[in-house]
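The values are calculated or read from the model by the stated rules, or taken from the named source; none is laboratory data. Since the structure is predicted, the reported quantities are computational estimates derived from the model, not experimental observations. FYI the Cβ positions are ideal-geometry reconstructions off the backbone, even for glycines, and counts take in every protein chain you see. Just so you know, the surface numbers come from the protein's heavy atoms only, side chains and all, with ligands and any DNA or RNA stripped out. Shrake-Rupley method; radii C 1.70, N 1.55, O 1.52, S 1.80 Å.
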Amino acid sequence: MSNYRLGQNDPPYTIDEGSGPWCSMGHFSDDFFHYKHYLERAVDGNLFLKYKYPYAQYHLLHYLNNTGDDLHIDLSDLMGRSSSLRNEYENELKQAIMFCQLLPPGEHFFVSKEVSHGDFISSNTDLFYAIGGYQYWGKGYVFITELYHSSDKMRDTRCRYELKFKFFDRYNWNITKADAGVRLGGVIPVTDRFMGQFHQECLAREYNIQGVIEKEVIWDD
């Protein structure tokens, strides 16, 4: 059964609370001001991270840059690094085609009934550190026409559809969970509670990660 419906509005997706409102403490401490300075130098100047974990390094530096601006990612590149994301994308294409094949001739907009969830835990360590889990869905447009072949007096249909595969994650630190801590690339020690405090003390800012890839398909039934 297809996971699509007629419509144009994106399905609701979740924005994790993370470390809460930015600058919730109202000020920064001298200790964390210096911690941030040393952390930025350690991450930015680490050649091992640059070549082994480029996404994790870039996303962490964007967090410490403290703008809160959305980060738009190249989904084609991510799919080349993660077989699980590639499989999810291809499944969305198949689901959309299945749905469109049931529609009558005409113009139709369609969208996923709900978001799906994925993660990079087993497919790519760099992307797991950079993003972890994510949400995705599809939306698109299809134009279906009837074709009449005078030579054999047969009719068939031609479908042209455009699908947008949409990707979303919130880069944040879950300060409420148990703080086991990890070492980024086996080098830089990080914990959610420690890293989230930069956001709370106005020194870094959590942000949205978004990506879209478009696909056009034409086929005859």
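Kindly indicate the residue of region 25-44 that is in a loop (DSSP other than H, G, I, E, B) and over 14 Å from residue 66 (Cβ atoms) and also least open to solvent (accessible area, probe 1.4 Å) among those meeting that condition. Spell out how you get there, then give the answer.
Applying the first criterion (in a loop (DSSP other than H, G, I, E, B)) to region 25-44 yields 25-29.
Those still in the list that are over 14 Å from residue 66 (Cβ atoms) too: 25-27, 29.
Values: 25: 83, 26: 58, 27: 111, 29: 35 Å².
Here the answer is 29.
If I filter region 74-91 down to residues being open to solvent by 20 Å² or more (accessible area, probe 1.4 Å) and touching a residue at least 40 places away in the same chain (Cβ under 8 Å), which single residue comes out as nearest to residue 204 (Cα to Cα)? Reasoning before the result, please.
Of all residues in region 74-91, those open to solvent by 20 Å² or more (accessible area, probe 1.4 Å) come to 74, 76-77, 80-81, 83-84, 86-88, 90-91.
Applying the additional criterion that residues be touching a residue at least 40 places away in the same chain (Cβ under 8 Å) yields 74, 76, 81, 83, 88.
Details: 74: 24, 76: 28, 81: 28, 83: 32, 88: 32 Å.
Applying the filter and picking the extreme gives 74.
Filtering region 116-147 down to residues that are aromatic (Phe, Trp, Tyr) and within 24 Å of residue 61 (Cα to Cα), which residue is nearest to the chain's Cα centre (by Cα)? Can you show your working first?
Residues of region 116-147 aromatic (Phe, Trp, Tyr): 120, 128-129, 134, 136-137, 141, 143.
Within this subset, residues satisfying the condition of being within 24 Å of residue 61 (Cα to Cα) are 120, 128-129, 134.
Values: 120: 11, 128: 12, 129: 13, 134: 5 Å.
This residue is 134.
Taking region 106-130 only, how many residues are assigned to a strand (DSSP E or B) and either closer than 30 Å to residue 146 by Cβ or open to solvent by less than 80 Å² (accessible area, probe 1.4 Å) (or both)? Spell out how you get there, then give the answer.
Step one: filter region 106-130 for residues assigned to a strand (DSSP E or B), giving 106-112, 116-119.
Imposing the further condition that a residue be either closer than 30 Å to residue 146 by Cβ or open to solvent by less than 80 Å² (accessible area, probe 1.4 Å) (or both) reduces the set to 106-112, 116, 118-119.
Of the residues in that region, 10 qualify.
Give region 195-221 a look and list any residue that's modelled with pLDDT of 90 or more and open to solvent by 40 Å² or more (accessible area, probe 1.4 Å), or say none.
197, 205, 210, 212, 214, 215, 216
Considering only residues that are assigned to a strand (DSSP E or B) and either modelled with pLDDT under 90 or touching a Pro at 6+ places or on another chain (Cβ under 7 Å) (or both), look in region 162-194 and name the one that is surrounded by the fewest Cβ atoms within 10 Å (Cβ to Cβ). Don't jump to the end; show me each part of the working.
From region 162-194, those assigned to a strand (DSSP E or B) are 162-171, 182-184, 188-190; that's our starting set.
Of the ones still in play, those that are also either modelled with pLDDT under 90 or touching a Pro at 6+ places or on another chain (Cβ under 7 Å) (or both) are 182-184, 188-190.
Numbers: 182: 12, 183: 9, 184: 18, 188: 19, 189: 12, 190: 16.
Result: 183.
Of these, 156, 152, which one is at pLDDT below 95, out of contact with any Pro (no Cβ under 9 Å at 6 or more places or on another chain) and assigned to a strand (DSSP E or B)? Give the derivation first.
On the way: 152 fails: assigned to a strand (DSSP E or B).
Going through 156, 152 in turn, just one is at pLDDT below 95, out of contact with any Pro (no Cβ under 9 Å at 6 or more places or on another chain) and assigned to a strand (DSSP E or B): 156.
Which members of region 46-63 meet the condition of being open to solvent by 60 Å² or more (accessible area, probe 1.4 Å) and either free of Cβ contacts under 8 Å to residues at least 60 places away in the same chain or in contact with a Pro (Cβ under 8 Å, 6 or more places away or on another chain) (or both)? Walk me through how you get there before you give the answer.
Initially, region 46-63 is screened for residues open to solvent by 60 Å² or more (accessible area, probe 1.4 Å), giving 47-48, 50-52, 58.
Within region 46-63, 47, 50, 51 meet the criteria.
More than 20 Å from residue 126 (Cα to Cα), out of contact with any helix residue (DSSP H, G or I) (no Cβ under 8 Å at 6 or more places or on another chain) and open to solvent by less than 70 Å² (accessible area, probe 1.4 Å): does that describe residue 67?
Details: more than 20 Å from residue 126 (Cα to Cα): yes; out of contact with any helix residue (DSSP H, G or I) (no Cβ under 8 Å at 6 or more places or on another chain): yes; open to solvent by less than 70 Å² (accessible area, probe 1.4 Å): yes.
Considered against the rule, which asks whether it is more than 20 Å from residue 126 (Cα to Cα), out of contact with any helix residue (DSSP H, G or I) (no Cβ under 8 Å at 6 or more places or on another chain) and open to solvent by less than 70 Å² (accessible area, probe 1.4 Å), residue 67 comes out as yes.
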